[in-house]
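Read through the structure below, which is laid out as structure tokens, and then see the notes.
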């Protein structure tokens, strides 16, 4: 991995604040683990980190691992301090109490769905009399989750990874938002590891071997790429159906020069049996469709190769907090075809009536109804054709933004019709924007935002009082404080 050479904000180890991070183990390849790793690597010159590294049936449960030397080699300093406590799950009240005594952190930093932190929020008063709780949070869709209000109230700072999440934090907290630090900290990835590859690349021969193996030596004119889990809300069958409808518009000769790469599980109990879906939809004329599975777990370098083997990214998730595969695609200069929902909207850069990057509010909380049509040239939006409400007892309501696969097929055909050269031009515009100060969807910018806001919080934070008097009155009404029809 390339060394991080810009040490802006460097602080000697003994003078740094220590942050206790609770989330997926930063050595795992989950989306949360990936982002958390980038945060740690790009701030380890400024903070000392202790992590409760979560995994299912963690093989190193109960150990204390010091990975400071490994971190030093990666970031180019000599005095980082990064410690991991591997854990089956995200931790417990007793573990946090123990670590507060042993490691003496200056703040707790949590990241992932709030339902994983109910045990932590139950002891928030105990914790916040000593140190603040910072939540890098995300919420996939509206209506504003009033059932999350007590969770948001349990934190001192809410770092929203999407513009929608920041708006939701304000809407749910209402008047109490003024007592919180609420700021926009979008996901960022390492643009030195995800980038466009051409013949000048020093490992171009290795890349070509990878590509030839993936495609069996066939050179395709147009390749769409799906990279995410095989779970229901990701709408993988609809992605396959959209691709089929696109290919069916083409003469057989052109159809054979197109392909869809699915980097996902063949079968998953949280999703479906994808080979069975393909057989049902495409089995009558298999020579017409080239649907290629990539199921091997790849490191970052080879994931960069995989993205560079393709021309356009497709993500039709019915509710999505961010969509890291879109960010990765834009970093390699590939345009994106995506359902207009959640944080994926941020990456399409919709423009409001004032010519500004769209900011959600109570009147137009989302652009999923297509209020704004102007967007970045690198984006091919698919507006939902149906917005329904689904839920479960812990999360009673949330919009399910379902797009029509035919509309996605239209966007695929539109991208295909541009031709490879023009498609790459608009994709590179997306990369330029992602790297810009306005978007800043890079590891460096994410780290800068976290350090800036965290330092403000640590400098002004006041411990909670031991007791809080709450006036008990009539039951609080929890109707959503924003328009539902707009």
Look at residue 50 and say whether it is modelled with pLDDT of 95 or more, outside any helix (DSSP H, G or I) and either in the same structural domain as residue 137 (by TED's automatic domain parsing) or closer than 27 Å to residue 156 by Cβ (or both). yes
Would you check if there is a residue in segment 301-321 being on the phi > 0 side of the Ramachandran plot, in the same structural domain as residue 421 (by TED's automatic domain parsing) and buried (at least 23 other Cβ atoms within 10 Å of the Cβ)? no
Segment 380-398, residues that are exposed (fewer than 14 other Cβ atoms within 10 Å of the Cβ) and closer than 15 Å to residue 235 by Cβ: 385, 386, 388
Restricting attention to segment 360-376, the residues that are closer than 23 Å to residue 331 by Cα and surrounded by fewer than 14 Cβ atoms within 10 Å (Cβ to Cβ) number exactly 1
Quick one: which helices (runs of 4 or more DSSP H) sit completely within segment 200-263 and have at least 2 residues that are assigned by TED's automatic domain parsing to the domain that holds residue 410 and surrounded by 17 or more Cβ atoms within 10 Å (Cβ to Cβ)? 204-215, 236-247
Assess whether residue 92 counts as being touching a residue at least 24 places away in the same chain (Cβ under 8 Å), in contact with a helix residue (DSSP H, G or I) (Cβ under 9 Å, 6 or more places away or on another chain) and surrounded by fewer than 16 Cβ atoms within 10 Å (Cβ to Cβ). yes
Answer with yes or no whether residue 266 is surrounded by 21 or more Cβ atoms within 10 Å (Cβ to Cβ) and over 23 Å from residue 381 (Cβ atoms). no
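Does residue 298 fit the bill of being assigned to a loop (DSSP other than H, G, I, E, B), within 15 Å of residue 226 (Cα to Cα), in the same structural domain as residue 434 (by TED's automatic domain parsing) and in contact with a helix residue (DSSP H, G or I) (Cβ under 9 Å, 6 or more places away or on another chain)?
Answer is yes for this residue.
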Enumeration of residues in segment 98-128 that are outside any strand (DSSP E or B), in contact (Cβ under 8 Å) with a residue 40 or more places away in the chain and surrounded by 14 or more Cβ atoms within 10 Å (Cβ to Cβ): 99, 100, 103, 105, 106, 112, 117, 120, 125, 128
For segment 199-220, check the following and say yes or no: at least one residue is in contact with a strand residue (DSSP E or B) (Cβ under 6 Å, 6 or more places away or on another chain) and at negative phi. yes
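The values are calculated or read from the model by the stated rules, or taken from the named source; none is laboratory data. Here the structure is a predicted model, which means the values were calculated and not measured. As a convention, Cβ positions derive from the backbone with ideal geometry for all residues, glycine included, and neighbour counts pool all protein chains shown.
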